[in-house]
Amino acid sequence: MDDYLRILKALADETRFKLVELLITHDLCVGALALKLGISAAAVSQHLKLLRDVGLVKGEKRGYWTHYGVDREKLRGLASSIEELLALSPCKESFCVKNECRKEEEKMCQCRCEFPERLKETPEKCTPEQIKECHGEEKHPCREEKEGTEEGGA
């Protein structure tokens, strides 16, 4: 996982991303990369060093020049990791929990809103219209729970 995070950080730079795009289709030397990107050879070398350090780019000596290419297996591993992330199922719980979705985990919030993105403020400050829009009813689930807790504790 740490390897993939390092690769993502390296690819977050626009120039390095463009370098990888170029090197996916052609093995190129520093001079050719500099010409294509319109930057200095020294700048290309610095970016390539970082890409080599994370294992995404490899250099191969060909006569006097070193030609660089992308380690496709490393890139496939990253893509696979992202695919696994996309395959995760949404939490079936109707509330937020710390870490993983488990009932025994400590709740981060008590709100059971089906559409938390519609909240304009905290659930306690929802207008009756907002509650009806979110839940189709007059009582807010978060308010019910808190009211029940307060009554039970008194």
Amide H neighbours of Thr66 at under 5 Å, excluding residues fewer than 5 places away on the same chain, with H built from the backbone geometry, are Val30
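With a 10 Å Cβ neighbour count serving as the proxy for reagent exposure, in which order, fewest first, do Asp53, Asp3 appear?
Asp53, Asp3
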In order over the stretch 51-60: 3J(HN,Hα) from phi, Karplus 6.51/-1.76/1.60, θ = phi - 60°, whole Hz, x for each Gly or Pro, gives 5, 5, 4, 8, x, 8, 10, 10, x, 9
Assertion target for Tyr64, Tyr4, ordered by fewest C-beta neighbours within 10 angstrom first, is Tyr64, Tyr4
Residues meeting the amide H criterion for Val57 (H placed from the backbone, H to H distance under 5 Å, 5 or more places apart or on another chain) are Arg52, Asp71
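Every number here is computed from the coordinates shown, using simple stated rules; none is lab data. Quantities reported herein were computed from a predicted structural model and do not represent experimental measurements. When we count neighbours, we look across all protein chains shown, and the Cβ atoms used for this are built from the backbone with ideal geometry, even at glycine.
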